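The values are calculated or read from the model by the stated rules, or taken from the named source; none is laboratory data. Only a predicted model underlies this, so the values are computations on that prediction, with no experimental measurement involved. Backbone-built Cβ (ideal geometry, glycine too); neighbour counts: all protein chains shown. Surface areas here come from the heavy atoms of the whole protein model, side chains and all, with no ligands, DNA or RNA. Shrake-Rupley method; radii C 1.70, N 1.55, O 1.52, S 1.80 Å.
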Amino acid sequence: MEGRQEGAGEAQRNPRGRPRKYSDELLVAAALRVMEREGYAALTIRSLAGELGTSHTTLYNYIDSIEEIEDKAVHRLTEQLPAPRSSSAPELRVELVAYMQAARALLHQHPGVMLSRPGSAAANRFEEGGREWQRVLLPYAPDQKTLQLALGALLSTVLVAVEGDRLHGAGFDKRNHGAGAKPAADSIAHYSFEQYLDAMIDLVLPGLSA
């Protein structure tokens, strides 16, 4: 497809010159609907064609593989994940918390796409993000292995929060704790998500507290 998309209902041309009925925008939107409704594994050429009301043989005129659309769909969603930009501990800590909060929101809002098997486009995107964070955080960790374990622990915290969202509704911890609430000293269950993240960072990446 050449550069820009044309308006709704207007034909587009692919690089081979054939009229193109389905823009990338329409294909990605349909793929996201399939995955959100039926799960990541449900996205196939046939299911995408069914969502668009066409045949799978026709769809092959517009895409080379379902992985192509899957990658574009995941990229669309993960654009909202903030990347590390700072080089000093205080700013990096704030950015790391913001990343984990954004990851929680993304996993909660799009579980059918983002909670998928290892090797999927979503899993690969999280791995890429993890490598980027490892690169900038390594000076604040004892070694690479410890840093990997620390980031894994923080991501586990996010996944636990997402499961809580699923069971109790988004933002349940904020309703329970309120803004500025202090956690009970004798029970970690009284920590909000933000307070738990802060405590975890102090524990697994103390270099960011300097």
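Taken along the Cα-to-beta-carbon direction at a fixed 7 Å, the label points for residue 194 and residue 98 span 1.4 nm. Once the mean 1/r over all distinct Cα pairs of region 101-146 is inverted, what Kirkwood radius in angstroms do you read off? Taking every pair of different Cα atoms in region 101-146, averaging 1/r and inverting gives 11.9 Å.
Taking every alpha-carbon pair in region 58-114 and binning the separations at 5 Å intervals from zero gives 4, 17, 19, 16, 14, 11, 8, 5, 3, 2, 0 percent. With R₀ set to 25 Å, the beta-carbon distance separating residue 75 from residue 209 gives a calculated FRET efficiency near 0.15. Ligands, DNA and RNA left out, the accessible area of region 22-101 computed with a 1.4 Å probe is 51% carbon and sulfur.
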